[in-house]
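Throughout, read-outs are computed from the coordinates displayed, never taken from laboratory work. No experiment lies behind these values; they were computed from the predicted model shown. As a convention, Cβ positions derive from the backbone with ideal geometry for all residues, glycine included, and neighbour counts pool all protein chains shown.
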Amino acid sequence: MPSAIRITPTLLLALASTTALADGDLMTRSTLTGDWGGLRHQLEEDGVRFTGDYSGETAYNAHGGLHRSARYSQNLKLGVQFDLSKLYGLDNGGKVQLTINDRRGNSASEDLVGNRLPIQENFGGLYTRLTELSYERTLFTPALNVKLGYMAMGNDLGGLDSGILCNFMNAGFCGHPLNMSGGSGWTNYPNAHLGVRVKYDLSPSWQLRVAAFNVDPDSNGNSSRAWHLGPKHTTGTVVPVELVYKLQGELPGEYKLGYYYDSSDVKRIGSDEEVSGRGGHYLLVDQAVWNDQGSPGRSLHAFGQYSASSKAASPFTKWYGAGVVLYKPFASRPKDTVALGYGRAVPNPRSRDVLEDAAFNAGQQFPDIDSAEQLIELSYGYQATPWLNLRPDVQYIIEPGAFSGKDIDNALVVGLQVKATF
């Protein structure tokens, strides 16, 4: 790819130094590049909003796994949103979103540990691609919002709107339960497909979300499809339905109950026969359990995740996750967080049977391993400036070889996540 598109920590530092010369409030402004001499604010007033962010994740395997070493991965996202009401003076003209994404780096999970849950949530699809070209507006009533175009399902469904789960670096927590995309046509960012999403506010607290997306496995992670909006080979349609409840008050909460169905015909695990359709369901919770009355903004939230997918066709049938996040751990650090989470990923017994049969046919002994990969993660989010977050991170991975059928020692991984908003 052109070197001008790539961004590294060195380039990030150079960009910060350059903008600091033009604007003296580097440590206090909301974005790294500032207001561009007032141009950025004026463009937004006129209906054009530019966004951009960078994340870099370094992980070092200190014990267990496969090898002692470190791996780095990065994600760069650039976007522009056009508010058609402001641009053309329309009444409820809607918004157009264009987003481009670039990923580079190496995987600590693949190279160093051998586990299934990606240690770096920003690893995967290492090329430049179009990740969204969509149109969104309210329709008939302010309670009904429709979005259609080329986009990732996971941007609007399957995750917690509060963003609590991205206080972690492992993809098992950050984003969405991975068995949803591992065993169906569900796609999470940056994989995008053609689709439509509808949100309807049933009341101030209740919302219904329904969507339909094209299923095109051949385009996922395929660099030759990076700029193709249309599918290469459609296998079906995936339809998620999600009910959202948001609790208001002193201890707010968010609850999501979802179901999805993929109409694709796929091979049954361990058999040459096909199964027609596959689906799953999930429950996601984010609930404040404590607020410090003497220090506004200081609170403790508990979260929970449960997701189950098709036993016939999904290699990853269940995910359980739970944890806590403390916001404003110190009075002098109002934007910092401390997060502790536990997750358990359960392989499909059919997949294990396939691995055991393959070992038997090869005359090899199958290792005596547990039935699930487990994850314990502790992180501290240090908000160095309004636009820069540094997150030291520790992950302990139990039974890394649960999905591969390999006897791999439990791994201790230490890491650092860097996030910057342009």
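Summary of computed values
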item	result
The chain: mean projected area of Cα convex hull, nm²	22.2 nm²
Inter-label distance, nm, simple model (7 Å from Cα along the C-beta direction), Leu283/Ala62	3.6 nm
Angle between the chain longest axis and helix 9-22 axis [Cα atoms, degrees, rounded to 10]	10 degrees
Percentage relative contact order, the chain, counting C-alpha pairs under 8 Å, at least six apart	15 percent
Rel. contact order, % - alpha carbon contacts under 8 angstrom, at least six apart, the stretch 122-252	25 percent
For the stretch 290-343 versus the stretch 346-412, the gap between their alpha-carbon centres in whole angstrom	20 Å
Cut-off 14 Å between beta-carbons: net charge of the residues surrounding Pro217, Lys and Arg +1, Asp and Glu -1	0
Thr33, Thr138, Thr28 arranged by Cβ crowding within 10 Å, fewest neighbours leading	Thr28, Thr138, Thr33
Förster radius 30 Å - calculated FRET efficiency between Ser263 and Ser224 (Cβ-Cβ, nearest 0.05)	0.70
Helix-only CD estimate at 222 nm, as mean residue ellipticity for the chain, using -39500 (n - 2.57) per DSSP H run (n ≥ 4)	-3000 deg cm²/dmol
Degrees between helix 349-361 axis and first principal axis of the chain (Cα, 0 to 90, nearest 10)	50 degrees
Cα convex hull of the stretch 312-422 - mean projected area over all directions, nm²	9.3 nm²
Whole-number percent relative contact order across the stretch 133-191, with pairs defined as alpha carbons under 8 Å at least 6 apart	30 percent
Cα centroid separation - the stretch 25-46 against the stretch 229-253, whole Å	33 Å
Rounded to whole Hz, the Karplus (6.51, -1.76, 1.60) HN-Hα couplings of the stretch 269-276, x for glycine and proline	4, x, 8, 8, 6, 9, 10, 8
Pairwise FRET efficiency - Lys406 versus Arg29, Cβ, R0 = 56 Å, nearest 0.05	0.70
Residue list for the stretch 132-147, given a label point 7 angstrom along the Cα-to-Cβ vector of Gln248 and an amide N cut-off under 20 Å	142-145
Share of alpha-carbon pairs per 10 Å distance bin for the stretch 52-105, given as whole %	20, 26, 20, 16, 10, 7, 0
